[in-house]
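The values are calculated or read from the model by the stated rules, or taken from the named source; none is laboratory data. Model, not experiment: these values are computed from the prediction. Glycine also receives a Cβ, built like all others from the backbone with ideal geometry; neighbour counts cover every protein chain displayed. Please note that ligands, DNA and RNA were not included when accessible areas were found on the heavy atoms of the full protein model with its side chains. Shrake-Rupley method; radii C 1.70, N 1.55, O 1.52, S 1.80 Å.
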Amino acid sequence: MQRLTGNPRMRVGAGLIVLLVGLSASAPLVSPYHPNAQPDVVGQQYLPPSLAHPFGTDQFSRDLLSRVLHGARISLTIAILSVVLSATIGTGVGLVAGLMGGVIDTAIMRAVDAILAIPQVFLLLVVFALWGDVSIGGMIIVFAATTWLTTSRIVRAEVLSLKRREFFTAAHALGIGRRRLMLRHLLPNVAAPVLVVATLGVGHVVLMEAGLSYLGLGVPAPTATLGHIIQEGYEALSNAPWVSTFPALVIVVTVIGFSLLGDALRESLDPRAS
């Protein structure tokens, strides 16, 4: 624990994440305006950053600070919940495959390999294009369904390694059932790598969600997401660059924060690290 808290990357990453999550979670309270309010489409269109509008306004006179805060809230909600669901599914599948072994292990892993052969971006594009207007819950399910595969492979590898350890051999010799073996002996030992993968996965999902929103897929307008806001400011980059710049900076900071935290966790929880 001391090695974890003393890691500078841990402190920086955790600080950035706490700041982003805190601001986005309190968006309805700290936003100066409603994210979809259009007070004066003609007179307040593309206003530069000012005291009244710290991030400026967009083409519909909407306050960008309010939209970025609400957009970050939705994007982080989708990313965090989908990663939690993905980690749960991947951990369960990996535990079953590694513990059962034999035909069951082979069948599960061949199915995982077959799905991994399909590029995730292509799969997401097809699903969202066919789905049309996707709800936030739908996006969470789709992202979780396409990101649990790597976790399952990592957990399976850890389980196969743990099965050769003395504590597992002793527990198996005492006649402990598979369910108790899985929950009491294997799950606590695979928690560390799962936590690292999940932390790194949040930044990945944020980028994927922003890219799909930029292409017009995912949560429909006028709901603000970071990708939507960037796409809306694309045509005004020359005369109003702040429209796309501020949500892009939030994405960059989010990815950096979770990447730093994930790297620090991986280094601190690795038993082979000095």
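Among residues of region 90-114 that are closer than 16 Å to residue 145 by Cβ, those with a beta-carbon under 8 Å from a residue that is open to solvent by 50 Å² or more (accessible area, probe 1.4 Å) and polar (S, T, N, Q) at least six positions away or on a different chain give the pairs 90/150.
Determine which member of the set 51, 16, 23 is open to solvent by 60 Å² or more (accessible area, probe 1.4 Å) and in a helix (DSSP H, G or I). Walk me through it before giving the result.
Values: 51 fails: in a helix (DSSP H, G or I); 16 fails: open to solvent by 60 Å² or more (accessible area, probe 1.4 Å).
Going through 51, 16, 23 in turn, the sole match is 23.
A quick yes/no check of all residues on (1) in contact (Cβ under 8 Å) with a residue 40 or more places away in the chain; (2) over 27 Å from residue 70 (Cα atoms):
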site: 152; (1), (2): yes, yes
site: 179; (1), (2): no, yes
site: 184; (1), (2): no, yes
site: 187; (1), (2): yes, yes
site: 202; (1), (2): yes, no
site: 222; (1), (2): yes, no
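Tell me, yes or no, whether region 205-216 has at least one residue that is of a type outside the set (D, E, K, R), under 23 Å from residue 129 (Cβ atoms), more than 19 Å from the chain's Cα centre (by Cα) and surrounded by fewer than 19 Cβ atoms within 10 Å (Cβ to Cβ). There is at least one residue in region 205-216 that is of a type outside the set (D, E, K, R), under 23 Å from residue 129 (Cβ atoms), more than 19 Å from the chain's Cα centre (by Cα) and surrounded by fewer than 19 Cβ atoms within 10 Å (Cβ to Cβ). When residue 196 is tested against (1) under 16 Å from residue 79 (Cα atoms); (2) open to solvent by 50 Å² or more (accessible area, probe 1.4 Å), exactly one condition is not met: (2). Considering region 126-149, the residues that are touching a residue at least 24 places away in the same chain (Cβ under 8 Å) and within 15 Å of residue 214 (Cα to Cα) include one that is surrounded by the most Cβ atoms within 10 Å (Cβ to Cβ), namely 139. Taking the criterion of being among the hydrophobic types (A, V, I, L, M, F, W, C) and part of a helix (DSSP H, G or I), the residues of region 174-194 that qualify are 181, 182, 183, 186, 187, 190, 191, 192, 194. For residue 262, the stated conditions do not hold, so it cannot be described as more than 27 Å from residue 95 (Cβ to Cβ), at pLDDT below 90 and either open to solvent by less than 20 Å² (accessible area, probe 1.4 Å) or not in a loop (DSSP other than H, G, I, E, B) (or both).
Which members of region 217-259 meet the condition of being assigned to a loop (DSSP other than H, G, I, E, B), open to solvent by less than 20 Å² (accessible area, probe 1.4 Å) and of a type in the set (S, T, N, Q)? Listed by number, the list holds a single entry, 225.
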